[in-house]
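The next block holds one structure in the form of structure tokens; read it before the comments.
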Amino acid sequence: MTPSQPYLLRAIYDWIVDNDLTPYVLVNAEHPQAQIPRQYVENGK
């Protein structure tokens with residue numbers, strides 16, 4: 001059986017876009033494995 005996570009994420013994304021909203025991804029920039037340019041980090045996000 002294939003995982004349902006990709007389908008759920010796609011459904012949420014489609015719902016957001018269909019309602020004229022902007023999808024955002026919030027990440028913990030302080031996580032040791034996060035590789036994010038520091039100029040885009042505000043308050044650890």
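Key figures
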read-out	value
Any chance residue 2 is in a loop (DSSP other than H, G, I, E, B) and at pLDDT below 90	yes
In segment 9-29, the residues that are hydrophobic (A, V, I, L, M, F, W, C) and closer than 28 Å to residue 42 by Cα	9, 12, 15, 16, 17, 21, 25, 26, 27, 29
Residues (among the β-branched types (Val, Ile, Thr) and exposed (fewer than 10 other Cβ atoms within 10 Å of the Cβ)) located in the chain	2, 22, 25
Filtered residues of segment 5-39 (kept if of a type in the set (Val, Ile, Thr), over 13 Å from the mean Cα position of the chain (by Cα) and assigned to a helix (DSSP H, G or I))	17
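The values are calculated or read from the model by the stated rules, or taken from the named source; none is laboratory data. Just so you know, these numbers come straight off a predicted model, no measurement behind them. Virtual Cβ from ideal backbone geometry, glycine too; neighbours counted across all protein chains shown.
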